[in-house]
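Here's the structure we're looking at; comments come further down.
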Amino acid sequence: MQSDNAIKRGISLYSVQEEYFHRKMTLENILAACSKLDIRGIEIIGDQMIPRYPDISPEFLSQWHGWMDKYELTPVCLDMFLDWNKYKGRVMTDDERVESIKRDIVNANKLGCTVIRVIHDVAPSLLEKCAVTAEKYNVKLALEIHAPSYYDSPLEQSLIAMFDRVQSPYLCFTLDLGVFCKKLPRIVSDRFQREGMKPEIIEYLVNAYNTNTLPRTNELGKVDMTLPEKVLSMGGREVDIYWAFMGTHMIYADPRKMLPYLKYTSHIHGKFYEMVDDTTEFSIPYGEIIPVLIEGSYNGYIDSEYEGNRWIHDTFEVDSFEQVRRHQVMLKQMIGEK
């Protein structure tokens, strides 16, 4: 399939963690289903789906590349996690963190991936030390911009300053489209209800989120009442505070502010919570986002990343691939794929 622009479609296998975790589908089953849905770009989470990661056996690599050929798929991205608390009684030194990232670079190259989704909060100095290795193995280190951060957040701005100074095309961003969550997802407020939250608290949380008047965790002391205080003042329970924070951590940023920053952006997570039909996501306005990406000449992958499962699996059977199918239908239409 060809599109009118250079945007490509893929999937993060994070989307199908429900089926994988419950052993309803093997990794090969999942890859076969992606191929059947004409999703060619594959993003894999090493810690989730590669046995004994970060040690990748020759047997797995042979199997992996065999599947890529068999199902006509393209390895695109490896998701990495810098677990600096893995050693008992201490945290990793900076040198150990750099070596861990470099090992992920080598692994991505072995898998055929040209992008690593770098977990948020990795210091610019660490990524800079890995630039030469990234270039050697042709793997871009793309730190994830994820709610509640955006391009104009402090870490992102410090990274941009480093990008401009180092001038390496192998240091860049992954943008998670959850930063454009305009309405509180319906599946979130439905879960609040099932967890026994008072209707008036739910109504407050929905309205406050949708009108951008919700107290934020980083605004403590700068508002008349913090979110926990507000929930408790309305007769909420301590557990309601947990649900309120879990459910309202998204943000809605202005998509047009992406334009000057797209030159630093090499990968995108097409976050979605609920595809209500073949062309509409309930809370994220893709119709406002995709045109800006096209205008800014973004030419990387948008990988479907379904995150609604965690909000419905207490009551409903999760069908991740039906949600992904709908998301891909929407993407095809919006990027002008023929």
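The values are calculated or read from the model by the stated rules, or taken from the named source; none is laboratory data. Here the structure is a predicted model, which is why all the values come from computation and not from measurement. Every residue, glycine among them, receives a Cβ derived from its backbone with ideal geometry; neighbour counts consider all protein chains shown.
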Note on residue 191: of the conditions (1) outside any loop (DSSP other than H, G, I, E, B); (2) within 30 Å of residue 277 (Cα to Cα); (3) assigned by TED's automatic domain parsing to the domain that holds residue 74, unmet is (3)
Scanning region 2-29 for residues that are over 15 Å from residue 308 (Cα atoms) and among the small types (Gly, Ala, Ser), which turns out modelled with the lowest pLDDT?
-> 3
Going through region 225-261 one residue at a time, which ones are assigned to a loop (DSSP other than H, G, I, E, B) and not basic (Lys, Arg)?
-> 225, 226, 234, 235, 236, 248, 249, 250, 251, 253, 254
Qualifying residue in region 83-93 (condition: aromatic (Phe, Trp, Tyr) and in contact with a strand residue (DSSP E or B) (Cβ under 6 Å, 6 or more places away or on another chain)) = no
Going by the conditions given, is residue 22 over 23 Å from the mean Cα position of the chain (by Cα), over 28 Å from residue 122 (Cα atoms) and not acidic (Asp, Glu)?
-> no
In region 33-64, what count of residues is obtained for those that are of a type in the set (Asp, Glu) and either outside the structural domain of residue 322 (by TED's automatic domain parsing) or more than 17 Å from residue 303 (Cα to Cα) (or both)?
-> 3
For residue 323, indicate whether it is touching a strand residue (DSSP E or B) at 6+ places or on another chain (Cβ under 7 Å), in a helix (DSSP H, G or I), modelled with pLDDT of 95 or more and more than 28 Å from residue 192 (Cα to Cα).
-> no
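With the requirement that a residue be assigned to a strand (DSSP E or B), in contact with a His (Cβ under 9 Å, 6 or more places away or on another chain) and of a type outside the set (D, E, K, R), what does region 162-188 give you?
The answer is 172, 173, 174, 175.
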Close pairs from region 160-184: first more than 30 Å from residue 308 (Cβ to Cβ) and assigned by TED's automatic domain parsing to the domain that holds residue 140, partner of a type in the set (Phe, Trp, Tyr) and outside any strand (DSSP E or B), Cβ under 7 Å, at least 6 apart = 160/264; 163/264; 171/163
Give the residues of region 112-134 that are part of a helix (DSSP H, G or I) and either buried (at least 22 other Cβ atoms within 10 Å of the Cβ) or of a type in the set (Val, Ile, Thr) (or both), sorted by residue number.
-> 127, 132, 133, 134
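If you check 298, 252, 273, 264, which single one turns out to be touching a Ser or Thr at 6+ places or on another chain (Cβ under 7 Å) and either among the β-branched types (Val, Ile, Thr) or within 16 Å of residue 151 (Cβ to Cβ) (or both)?
298
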Pairs under 7 Å by beta carbon, first residue under 18 Å from residue 127 (Cα atoms) in region 137-155, partner of a type in the set (Asp, Glu) and outside any loop (DSSP other than H, G, I, E, B), six or more apart or different chains?
-> 144/176; 145/156; 145/176; 146/176
Here the residues within region 254-278 that are modelled with pLDDT under 95 and crowded, with 16+ Cβ neighbours inside 10 Å are none
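Residue-by-condition table, conditions (1) touching a strand residue (DSSP E or B) at 6+ places or on another chain (Cβ under 7 Å); (2) modelled with pLDDT of 95 or more; (3) within 28 Å of residue 314 (Cα to Cα):
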residue: 35; (1), (2), (3): no, yes, no
residue: 40; (1), (2), (3): yes, yes, no
residue: 52; (1), (2), (3): no, yes, no
residue: 70; (1), (2), (3): no, yes, no
residue: 79; (1), (2), (3): yes, yes, yes
residue: 98; (1), (2), (3): no, yes, no
residue: 107; (1), (2), (3): yes, yes, no
Being in a helix (DSSP H, G or I) and either charged (D, E, K, R) or in contact with a Cys (Cβ under 6 Å, 6 or more places away or on another chain) (or both) is the filter here, so list the residues in region 268-295 that pass it.
-> 288, 295
